[in-house]
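**Q** Here it is, the structure, as structure tokens.
The values are calculated or read from the model by the stated rules, or taken from the named source; none is laboratory data. Worth saying up front: this structure is predicted, and the values here are computed from it rather than measured. Using ideal geometry, Cβ is built from the backbone for each residue, glycine included, and neighbour counts are taken over all protein chains shown. What goes into the accessible areas is simple: the full protein's heavy atoms, side chains included, and nothing from ligands, DNA or RNA. Shrake-Rupley method; radii C 1.70, N 1.55, O 1.52, S 1.80 Å.
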Amino acid sequence: MPERTSGPLRVTVIADSDTRWKWGALTARRIAPDARIDARFLRGRATPTQRQLAELGITADSMTEQTTAEILAEVGADTCDVLVISCVGGTIQCFLHGLDRAWRGHANRPVVVTGYVGVVYEKLADGLLLRAGADVVLANSTDDALRFRAVYEGVGFPTGAIVETALPFLDGAPYRRDPSTPFTVTFAVQPSAPAERPDRLYLLRRAVEHARRHPDREVLVKLRSMPGEQTTHVEEHPYQHLMQSLEPPANVSLVYGAMGEVLDRTDLLVTVSSTAALESLYRGIPTAILTDLGIREPLGNHHFLGSGCLASWDQLDDGELPKADPDWTAAHGVALGDPYADLRARVRALLAAGRLPRLTPYYTLRTAPGYLPGILARQGLDPEGLPAVRAATAAGGSNRVRKAARRMIRKSARTAYRQGVQRVAPAIRRWGQL
């Protein structure tokens, strides 16, 4: 990793899944389009595969898979100017404590940026307080910024770190119907909304029935991952497997690839609560948030109340096309313009400030003595933010062999875990229901 002299801003992105890498890397580009970006993928359940990374198509100057302890030992002011932590809330809390401990006594440290990768519809207080302490906490809309400040004010924590932006992957040309191509309906699926097999099979069957009712339309089922791969959320019942029992007509297709490329040929986006809906709304594509399974917090579709996009498959079968409310979209981060100017200004001000103060998470052993140690332990940190088990530093051939063996064991363990989640666990549950 190069030391700081001059030239492009150096941004390191820590990510623990494919979706969070997308958010973190694109956020880095919004901060500085010409930045040097170094990716640190946290080794774990959802570490992105090479296929997932290739599908996203987001390049970096370097990509490394590491443990929490390895990242804490290497990331600092000599390796980057800005650190974007794009992980689940508990992991962000671990890095805030771990980095504060690792950087003590250093003259300088990077600017630390974090936020949410999509719609914030659950665990608002918990997730926000786990992110509290970063230099910049990004809110993806005006509505989010208001809610975030209310949470911090409610516990007496400073709100100055909250910066309003938008989701960094909202882009693409405005929608215009191409009469020379079939009307295309895209059903953007999610790994965990809904989570239960009967609900997922119902939604997929309705998409197939829509194709049968409208043979002149193309129906695309946009998949998140291949069976065996993991994303931000565990997918126990992949739609690829469910489709095998439905015998779909020829105008139904399963598709992978970047969401933006699929939206390029979409005339109606249908989903439960995916952030793909925001990408679609940004382009002006008719967008339907399904109500078939109710409007419920666990599904996340309650976030779209007032959007004008709530609809059922019955309504879509009858030809209805939802029309988004412009006031709602403006308040929820789908407005045009440059929503990243404040972010760039904040980062520039912090970089110009010289020596930054220590990171100060809200959760400490004084404010949350019964909660924080368990959070830190999940990433192998002790209550002081230090790695609980330190890796040996001895060099030599035997050490290289041990490292290679550990890598092989980790890879095998990840594969076994993924197969257990995707295949064994669902089978056991089905046997239990017999």
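**Q** Mind checking the angle between helix 197-213 and the chain's longest principal axis? C-alpha axes, 0 to 90 degrees, to the nearest 10.
**A** 40
**Q** Apply the Karplus curve 6.51 cos²θ - 1.76 cosθ + 1.60, θ = phi - 60°, to the phi angles in the range 280-293 and return the couplings in whole Hz, x for Gly and Pro.
**A** Running phi through 6.51 cos²θ - 1.76 cosθ + 1.60 with θ = phi - 60° gives 5, 4, 4, 7, x, 7, x, 10, 10, 9, 5, 10, 3, 9 Hz.
**Q** A further question follows. If the only charges are +1 at each Lys and Arg Cβ and -1 at each Asp and Glu Cβ, what is the size of the charge dipole of the chain around the Cα centre, to the nearest 20 debye?
**A** The calculation lands at about 1880 debye.
**Q** Same structure again: Is the C-alpha gyration tensor of the range 185-328 telling us rounded, prolate or oblate? Criteria: a/c under 1.5 is rounded; beyond that, a/b larger than b/c is prolate, otherwise oblate.
**A** rounded
**Q** Choose one answer from Thr181, Thr47, Thr142: the residue with the largest mean-square fluctuation in a GNM of the chain with alpha-carbon springs under 10 Å.
**A** Thr181
**Q** Right, next: Determine the relative contact order of the chain: mean sequence separation of Cα pairs under 8 Å and six or more apart, normalised by residue count, in whole percent.
**A** Reported relative contact order: 19 percent.
**Q** Calculate, in whole percent, how much of the Cα-Cα pair population of the range 31-131 lies beyond 22 Å.
**A** 36
**Q** So, one more: Under the Karplus relation 6.51 cos²θ - 1.76 cosθ + 1.60, θ = phi - 60°, what is the ordered set of whole-Hz ³J(HN,Hα) values for the range 151-168, x standing for Gly and Pro?
**A** Listing the rounded values in order: 5, 5, 5, x, 10, x, 9, x, 9, x, 6, 6, 10, 7, 9, 8, 4, x Hz.
**Q** For a quick check, take a GNM of the chain with Cα springs below 10 Å and name the residue from Ala139, Ala368, Ala25 with the largest mean-square fluctuation.
**A** With Cα springs under 10 Å in the chain, the top fluctuation among Ala139, Ala368, Ala25 is at Ala368.
**Q** A further question on this structure: Please list, ordered by chain and number, the residues whose modelled amide H lies under 5 Å from the amide H of Ala132; skip anything fewer than 5 residues away on the same chain.
**A** It is Tyr362, by chain and number.
**Q** Right, another one. Quick one, which of (i) 33; (ii) 48; (iii) 44 is the actual percent of Cα pairs over 35 Å apart calculated for this model?
**A** Only one listed value fits the structure, namely (i).
**Q** May I pose another question? For the chain, with all protein chains present and a 1.4 Å probe, just round the carbon and sulfur fraction of the accessible area to a whole percent.
**A** Answer for the chain is 53 percent, counting heavy atoms of protein chains only.
**Q** Quick query: amide H of Val221 versus all other amide H atoms, modeled in the peptide plane; which residues come in under 5 Å with a sequence gap of 5 or more or a different chain?
**A** Answer set, sorted by chain and number: Phe187, Ser253, Leu254, Val255.
**Q** Per-residue HN-Hα couplings for the range 299-309, Karplus 6.51 cos²θ - 1.76 cosθ + 1.60 at θ = phi - 60°, whole Hz, x for Gly and Pro?
**A** Calculated HN-Hα couplings, in order: 7, x, 6, 5, 4, 9, 4, x, 7, x, 9 Hz.
**Q** Long-range amide H contacts for Met63: which residues qualify at under 5 Å (H placed 1.01 Å from N, peptide plane, sequence gap of 5 or more or a different chain)?
**A** Ala39
**Q** Less than 18 Å apart at the alpha-carbon level, and either on another chain or at least 8 residues along: which aspartates and glutamates does that give for Lys222?
**A** The reachable aspartates and glutamates, counting only those whose Cα sits under 18 Å from Lys222, are Asp18, Glu55, Asp199, Glu209, Glu235, Glu236, Glu247, Glu261, Asp264, Asp267, Glu279.
**Q** If I fit a long axis through the Cα atoms of helix 18-31 and take the longest principal axis of the Cα atoms of the chain, what angle between them do I get, 0 to 90°, rounded to 10?
**A** The answer is roughly 70 degrees.
**Q** Find the accessible area per residue for the range 1-129; the probe is 1.4 Å, ligands and nucleic acids are left out, and the unit is Å².
**A** Value for the range 1-129: 34 Å² per residue.
**Q** Running a GNM on the chain with Cα contacts under 10 Å, which residue among Leu293, Leu138, Leu376 ends up with the highest mean-square fluctuation?
**A** Leu293
**Q** What do you reckon, how do Glu209, Glu384 stack up by accessible area (1.4 Å probe), largest on top?
**A** So, going from the largest accessible area down, we get Glu384, Glu209.
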